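Below is one structure, written out as structure tokens, with a few remarks after it.
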Amino acid sequence: MIKTKSGYIVFAIAIVFVLLSFGLQQSDTRDTKIALSNPQQEYVAGSAIALSFTGTEGFNKAVMMVKSSYGSTVLQAKGNEFLLPDFMAAKTGQVHWYLFFDDELKLQGNFTIVPNAVTTGIETYLGPRTVNAGNENYTMMVTIPHDAFDNPVADSTAITLKHQFRESINEEALYTENFIAFERITAPQKTGKMLLSSNCGTVATREFEADVYAALPVNFTINFTRNHEYADGNQLTTVYTSELKDKYGNTVNDGTSVTFMITTGGGNLLKTYGNTINGIAQSKIPSPEREDSYTIKAYITGIAESNEITVSYKSALKGEIKYTFSKDKRTITVGPLQSFMKQLVPNGTTVSLKLYNKSGQEVSTIQEYTINGKAVFSLSKGEYKGKAYSFEISVMGHTQKTGLIQYESE
């Protein structure tokens, strides 16, 4: 028997260490009583996923909370395992689980669901569906292969892209990255239709189409045609463009708008429009009623322009301007007026009559239009009360003056 004081102290310390060691063993046993028996870190989408545990005495009191990209749910134990719902087991991504026993968190962990290795479908997007010819333009095809559960396949999955244009068929190998594969297809320099498709393994997409239209038009020329060169106010002059093309020689799209700017000899600015058909735009201009010269230039606004042309018109009126007065001189008949072949001028030709008082001051201007080569003016007594007027008749750029005509007063 140890009787020294120091001997008692050593004995007491030894007892304490034994008790602590026993207590730690009891704590570890409690903490490790429940353990995951199948610590698998990766599952394939669509497979049955069950988490099994050991140390399951009273396990019917355990619940598990599961969190995935679909949200969170609480599972009840079935025996000694928890079965992940089908809708979660079919979705790829990371799944986190938390095991609670008697309202106390006992274990937690996570695993990953990866896509099924078999590709069953491909989502494909193409755009834009119309591009202009030339190396600076392109359309893009995006391909997203997926498994039977609509999960994108794993990165680096091989995809074959094919595109056809005229006599050429090209094939390119692509690989998925961040779930997708994409390729920019540069527009050719000629117009036409491109056909595109892609496939992943044994799965292929439908046929996609992209139209290649002409690029922006370049400068062009204009010209004109007409039946005659006389300014009769009746015939039409047709102005038209050369065939509009882009820098690659493609004819521009139908409907391209061309503006024809016309400057008259007097400096007035006129404007008319034409839209291309088979690359050519045209517009019609009525001839003036008097001798004139038109300067014409065409524009595709902000893109291209034409040369400048001049269209000259000769006077169509032949001979002097004939006119007669009625007995009371209140009706003035101008005509018959004859055109360049001595035919009557077209109906609707403008005739202007200016009235001057005996002091030579202009009183009024009246306009009438010809019918069968004649224009008739009526001077009412109520409006024109002067005792004498002289007249100036103007038609198709020609002018003729009369002497002073006396009128009886009321």
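Structure data summary
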item	result
Full-stretch length increase - Asp155, Ser312 - with 0.36 nm per residue and alpha-carbon distance subtracted	49.2 nm
Contour minus Cα-Cα distance for Asn110 and Thr186 (0.36 nm per residue)	22.8 nm
Net lengthening on full extension, Thr221/Glu243 (0.36 nm per residue, minus Cα-Cα)	7.1 nm
Furthest towards positive pole of dipole, Tyr356, Gln343, Gly373, structure part the stretch 340-410, Cβ charges	Gln343
Pairwise FRET efficiency - Glu209 versus Ile303, Cβ, R0 = 22 Å, nearest 0.05	0.25
Residue among Ser68, Ser380, Ser394 with the largest mean-square fluctuation in a Gaussian network model of the chain, springs linking Cα atoms under 10 Å	Ser380
Lysines with Cα under 30 Å of Lys106, excluding same-chain neighbours fewer than 8 positions away	Lys33, Lys61, Lys67, Lys78, Lys91
Which of Tyr43, Gln235, Pro128, positive extreme of dipole for the chain (C-beta unit charges)	Gln235
Using a Förster distance of 60 Å, the FRET efficiency for Leu404-Lys162 (Cβ separation, nearest 0.05)	0.05
Nearest-20 debye value, the stretch 281-410 charge dipole, Cβ charges on Lys, Arg, Asp, Glu	460 debye
Degrees between helix 5-31 axis and first principal axis of the chain (Cα, 0 to 90, nearest 10)	50 degrees
Per residue accessible area in Å² of the chain, where ligands, DNA and RNA are left out and the probe is 1.4 Å	58 Å²
For the chain, size of Cβ-based charge dipole, Lys and Arg +1, Asp and Glu -1, in debye	1820 debye
The chain: antiparallel DSSP beta bridges as a percent of all, rounded to 5	95 percent
Pairwise label distance in nanometres, Tyr138 with Thr333, each label 7 Å out on the Cα-Cβ vector	8.1 nm
Percent carbon-and-sulfur accessible area, the stretch 132-248, ignoring ligands, DNA and RNA, probe 1.4 Å	47 percent
Positive-end residue, the stretch 151-202 charge dipole about Cα centroid, Cβ charges, pick of Leu174, Leu161, Thr186	Thr186
Mean projected area (nm²) of the alpha-carbon convex hull when the stretch 127-211 is viewed from all directions	5.7 nm²
Dipole moment magnitude, nearest 20 debye, the stretch 55-107 about Cα centre, only Lys, Arg, Asp, Glu C-beta charged	200 debye
Fraction in percent of alpha-carbon pairs per bin - 5 Å, the stretch 275-341	4, 11, 14, 15, 11, 11, 9, 7, 7, 6, 4, 3, 1
Probe 1.4 Å - accessible area at Leu344, Å² to nearest ten	90 Å²
The chain: translational diffusion in µm²/s, Stokes-Einstein, Kirkwood Rh over Cα pairs, 10 °C, 1.306 mPa s	49 µm²/s
Of all accessible heavy-atom area on the stretch 270-410, the percent that carbon and sulfur account for (1.4 Å)	46 percent
Computed [θ] at 222 nm, deg cm²/dmol, the chain (DSSP H ≥ 4; -39,500 (n - 2.57); rounded to nearest 500)	-2500 deg cm²/dmol
Paramagnetic reach from Glu171 (point 7 Å along Cα→Cβ, amide N under 13 Å) across the stretch 124-163	159-163
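The values are calculated or read from the model by the stated rules, or taken from the named source; none is laboratory data. Owing to the predicted nature of the structure, the values given are computational and were not obtained by experimental measurement. Backbone-built Cβ (ideal geometry, glycine too); neighbour counts: all protein chains shown. These area figures cover heavy atoms from the full protein model, side chains too; ligands, DNA and RNA do not enter into them. Shrake-Rupley method; radii C 1.70, N 1.55, O 1.52, S 1.80 Å.
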